[in-house]
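The following block contains the structure, expressed as structure tokens.
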Amino acid sequence: MSTLIVGLAGALVTGGLLVAVLGLLARPVTPARPAGTTHRVRISPRTRLLLVTGLGVGALVAVATGWVIALVVLPLALAGIPVLLAAPPARREVQRLEAMEEWVRTVAGTLGAGVGLEQALLRSLRSTPEPIRPEVTRLAGRLRARWATEDALRALADDLDDPTGDLIAANLALGARRRGGGLATVLDALARSVGEDVKARREIEADRAKPRANARLITGITLGVLVFLSLSGTYIAPYGTPIGQVLLLTYLSLYVGMLIWLRRMAQGKAMPRFIGATLRQGPA
């Protein structure tokens with residue numbers, strides 16, 4: 001019974017430390033959601049499987065060795081370490097930027113041939129790059145459904161959900177409103193600007209990859225040392241006591257907190273968006 005109480009106490013200590021670390025980290029202010037929408041935490045099937053597997057293995061270890069903290073440590077380790085050490089989706093963001101650049105050049109070239117804006121947007125669907133094809137497909141569907149061009153472009157900005165996408169949609173919306181002849185030139189200049197943005201983001205992500213690589217190396221060495229030392233019964237014997245398990249859980253929690261802090265250091269802050277149907281409906 002006392003062992004179970006120690007395990008529960010250790011779990012509470014771990015949760016408290018993690019909440020404290022997350023609370024100290026700066027978080028961006030999330031935009032207000034429209035009324036009637038709810039935010040749900042989604043757990044991928046892979047993470048769910050790792051949690052269940054870790055819980056099962058932890059139960060076996062707890063029964064065989066009496067180390068109750070295995071019920072907490074193993075599920076969190078199996079599900080959390082891959083998440084902490086995984087690279088952020090920067091490559092996908094860069095690919096989407098490259099796709100936006102190519103799509104803007106296509107629209108500009110079509111406009112240069114004397115085609116109207118709506119027809120140019122519809123024709124661009126055939127050569128739209130794959131990373132943004134779903135978004136452009138929805139744009140074409142809205143235009144065919146007789147949406148106002150500016151409203152369809154605002155919806156496109158929401159679909160792309162990127163500041164660069166906002167910039168593209170804003171220039172297209174201005175062209176739809178003014179119906180001038182210089183939109184193709186503006187889009188060519190915008191495509192060059194997006195290309196420079198892609199190059200800069202590639203260089204930034206190359207620098208951010210260094211601390212992630214260091215975190216993987218440090219974690220790998222630490223896990224190897226822990227496994228090696230666990231084979232020595234005399235070394236880990238003090239941690240088999242109730243107080244020792246609480247201390248071990250505290251040390252591991254601090255280590256995880258440092259991994260979270262290191263990962264946050266390698267992440268950039270998203271630029272604020274400035275256009276879209278959602279922002280237009282929000283407070284001024």
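Taking the dipole about the Cα centre of segment 88-284, with the C-beta of Lys and Arg at +1 and of Asp and Glu at -1, give me whichever of SER230, ALA113, LEU254 is farthest to the positive side.
Looking along the dipole axis, the top candidate is ALA113.
Follow-up question, since we're still on this one. Once both labels are modelled 7 Å past Cα along the beta-carbon direction, what's the VAL115-LEU174 spacing in nm?
Each label point lies 7 Å from its Cα, and together they span 2.4 nm.
Now for a different question. Calculate the FRET efficiency for THR241 and LYS269 from the Cβ-Cβ distance with a Förster distance of 51 Å, rounded to the nearest 0.05.
My answer for the efficiency is 0.70.
Placing unit charges on C-beta atoms (Lys and Arg positive, Asp and Glu negative, everything else neutral), compute the dipole magnitude of segment 88-284 about its Cα centre in debye, rounded to 20.
The calculation lands at about 160 debye.
Okay, next question. Under a plain spin-label model, where a point goes 7 Å from the Cα along Cα-to-Cβ, how far apart in nm are ASP207 and SER230?
3.9
Just subtract the alpha-carbon distance of ILE218 and ARG91 from 0.36 nm times their residue separation and send over the number in nm, one decimal.
Taking ILE218 through ARG91 to full extension adds about 43.4 nm, to one decimal.
Identify the residues of segment 176-211 with backbone N under 12 Å of a label point that sits 7 angstrom from the Cα of GLU150 along the Cα-to-Cβ direction, or state none.
176-179
Residue-wise, which Karplus ³J(HN,Hα) couplings in Hz belong to segment 49-64, taking 6.51 cos²θ - 1.76 cosθ + 1.60, θ = phi - 60°, and x for glycine or proline?
Computed from phi, the couplings for segment 49-64 are 5, 5, 5, 5, 4, x, 5, x, 5, x, 5, 5, 5, 5, 5, 6 Hz.
Coordinate-derived values only; no laboratory data. It should be emphasised that the depicted structure is a prediction, and the values quoted were computed from it without experimental measurement. When we count neighbours, we look across all protein chains shown, and the Cβ atoms used for this are built from the backbone with ideal geometry, even at glycine.
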